[in-house]
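Colleague: There's a structure below that I have some questions on.
The values are calculated or read from the model by the stated rules, or taken from the named source; none is laboratory data. No experiment lies behind these values; they were computed from the predicted model shown. Cβ coordinates were reconstructed from backbone atoms using ideal geometry, including for glycine residues, and neighbour counts include every protein chain displayed. Note: accessible area is taken over every heavy atom of the protein model, side chains too, but ligands, DNA and RNA are not part of it. Shrake-Rupley method; radii C 1.70, N 1.55, O 1.52, S 1.80 Å.
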Amino acid sequence: MLNRRGFIIGAAALSTYVIADRSWAQATQGPFRLPALPYPANSLEPHIDARTMELHHDRHHASYVNKLNEALRGHEQLAQRPLEDILANLNDVPESIRTTVRNNGGGHANHSMFWEVMGPDGGQPQGELQAAIERDFGGLDQLQQRFNDAGSSVFGSGWVFVTVDGDGRLAVTTRPNQDTPLSDGQRVLFGNDVWEHAYYLKYQNRRDEYLKNWWNVVNWKAIGDRYNRAKSGDLGL
Ligand code: MN
């Protein structure tokens with residue numbers, strides 16, 4: 001009985017593993033890879049629920065990665081370039097795959113950034129980043145207000161970003177769909193996903209409430225690191 005029980009538990013655990021592993025294996029074919037979530041899917045609760053995080057990462061982001069890799073099949077030289085370079089030079093991408101690369105490459109870039117700038121215990125802006133927020137927005141409250149207003153004004157699906165230039169200057173901007181400021185030669189300090197798939201399970205049509213609560217899961221330590229990398233020219237996606 002014990003053996004049988006042990007086998008059943010073992011088999012159940014194994015099948016869960018195999019299912020999880022298969023989606024991972026699909027996502028890791030080709031040159032681009034789905035990055036692992038840097039924290040458990042339930043660690044942003046109650047502001048973002050675990051199910052939303054799982055679907056968002058394991059299905060939506062994985063799909064962008066898979067479709068990007070599929071589009072780049074047979075374009076080996078292009079596929080070897082860093083994604084930020086591909087997105088900054090979309091005119092170099094053959095026209096037959098340009099829209100697919102723009103949408104799915106943008107989706108891969110945007111979501112890779114998105115997981116990185118969130119986390120539990122996100123703290124507060126420090127040091128040079130805090131000073132830049134004061135200088136360019138008048139303070140964190142004002143930045144949040146501008147960012148939320150911009151995110152709220154995106155019609156349909158898209159993103160709201162804070163960009164950072166090589167001198168550390170910050171600006172709020174938005175893009176539709178999976179477009180990214182990387183395609184305009186800019187660098188993204190952080191951004192929030194305002195596609196309905198990012199918030200619909202918990203917030204339904206209440207995007208403003210999602211935008212407001214999202215600040216509770218922002219990882220200012222990670223954003224501070226990105227700020228330093230941007231100033232030294234080392235920030236990619
Ligand atoms: Mn998304």
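Colleague: Do the conditions hold for residue 87, that is, is it in contact with a helix residue (DSSP H, G or I) (Cβ under 9 Å, 6 or more places away or on another chain), open to solvent by less than 10 Å² (accessible area, probe 1.4 Å) and not small (Gly, Ala, Ser)?
Modeller: It is true that residue 87 is in contact with a helix residue (DSSP H, G or I) (Cβ under 9 Å, 6 or more places away or on another chain), open to solvent by less than 10 Å² (accessible area, probe 1.4 Å) and not small (Gly, Ala, Ser).
Colleague: Scan the range 64-89 for residues that are touching a residue at least 24 places away in the same chain (Cβ under 8 Å) and closer than 20 Å to residue 99 by Cβ and report the count.
Modeller: So the first thing to find is which residues in the range 64-89 are touching a residue at least 24 places away in the same chain (Cβ under 8 Å), and the list is 64-73, 79-80, 82-84, 87-88.
From what is left, the residues that are closer than 20 Å to residue 99 by Cβ are 64-73, 79, 83-84, 87-88.
Looking only at that region, the number is 15.
Colleague: Which condition number does residue 190 fail, the rest of (1) under 16 Å from the mean Cα position of the chain (by Cα); (2) within 14 Å of the ligand (Cβ to nearest atom) being met?
Modeller: (2)
Colleague: Another question, if that's okay. Of all residues in the range 167-181, how many are open to solvent by less than 50 Å² (accessible area, probe 1.4 Å) and either away from the ligand (no atom under 16 Å from the Cβ) or aromatic (Phe, Trp, Tyr) (or both)?
Modeller: Number of matching residues: 6.
Colleague: Looking at this structure, is residue 77 among the polar types (S, T, N, Q) and not in a helix (DSSP H, G or I)?
Modeller: When the stated conditions are applied, residue 77 does not pass them.
Colleague: Can I ask one more? Would you call residue 22 modelled with pLDDT of 50 or more, surrounded by fewer than 16 Cβ atoms within 10 Å (Cβ to Cβ) and part of a helix (DSSP H, G or I)?
Modeller: On the way: modelled with pLDDT of 50 or more: no; surrounded by fewer than 16 Cβ atoms within 10 Å (Cβ to Cβ): yes; part of a helix (DSSP H, G or I): yes.
No, not satisfied.
Colleague: Do we have residue 133 as β-branched (Val, Ile, Thr), modelled with pLDDT of 95 or more, part of a loop (DSSP other than H, G, I, E, B) and farther than 20 Å from residue 183 by Cα here?
Modeller: On the way: β-branched (Val, Ile, Thr): yes; modelled with pLDDT of 95 or more: yes; part of a loop (DSSP other than H, G, I, E, B): no; farther than 20 Å from residue 183 by Cα: yes.
No, not satisfied.
Colleague: Could you tell me which residue of the range 29-59 is farthest from the chain's Cα centre (by Cα), considering only residues that are closer than 24 Å to residue 206 by Cβ and open to solvent by 40 Å² or more (accessible area, probe 1.4 Å)? Break it down stepwise before answering.
Modeller: Of all residues in the range 29-59, those closer than 24 Å to residue 206 by Cβ come to 41-57, 59.
Filter once more, so that each one left must be open to solvent by 40 Å² or more (accessible area, probe 1.4 Å): 42, 45-47, 51, 54-55, 59.
Numbers: 42: 17, 45: 18, 46: 19, 47: 17, 51: 17, 54: 13, 55: 13, 59: 13 Å.
Here the answer is 46.
Colleague: Now for a different question. Could you tell me whether residue 107 is among the small types (Gly, Ala, Ser) and within 16 Å of the ligand (Cβ to nearest atom)?
Modeller: Criteria met by residue 107.
Colleague: Of all residues in the range 109-121, how many are open to solvent by less than 10 Å² (accessible area, probe 1.4 Å) and touching a Pro at 6+ places or on another chain (Cβ under 9 Å)?
Modeller: Selection size over the range 109-121: 4.
Colleague: From the list 163, 180, exactly one residue is in contact with a helix residue (DSSP H, G or I) (Cβ under 6 Å, 6 or more places away or on another chain) and free of Cβ contacts under 8 Å to residues at least 40 places away in the same chain. Which is it?
Modeller: On inspection, the qualifying residue turns out to be 163.
Colleague: Now a separate question. How many residues are among the hydrophobic types (A, V, I, L, M, F, W, C) and either open to solvent by less than 10 Å² (accessible area, probe 1.4 Å) or closer than 25 Å to residue 81 by Cβ (or both) if we restrict to the range 200-219? Even if it seems obvious, please write down each step before you answer.
Modeller: Our first condition is that a residue be among the hydrophobic types (A, V, I, L, M, F, W, C); within the range 200-219, this holds for 201, 211, 214-215, 217-218.
Next, only the ones that are either open to solvent by less than 10 Å² (accessible area, probe 1.4 Å) or closer than 25 Å to residue 81 by Cβ (or both) stay: 211, 214, 217-218.
Adding up the residues that qualify gives 4.
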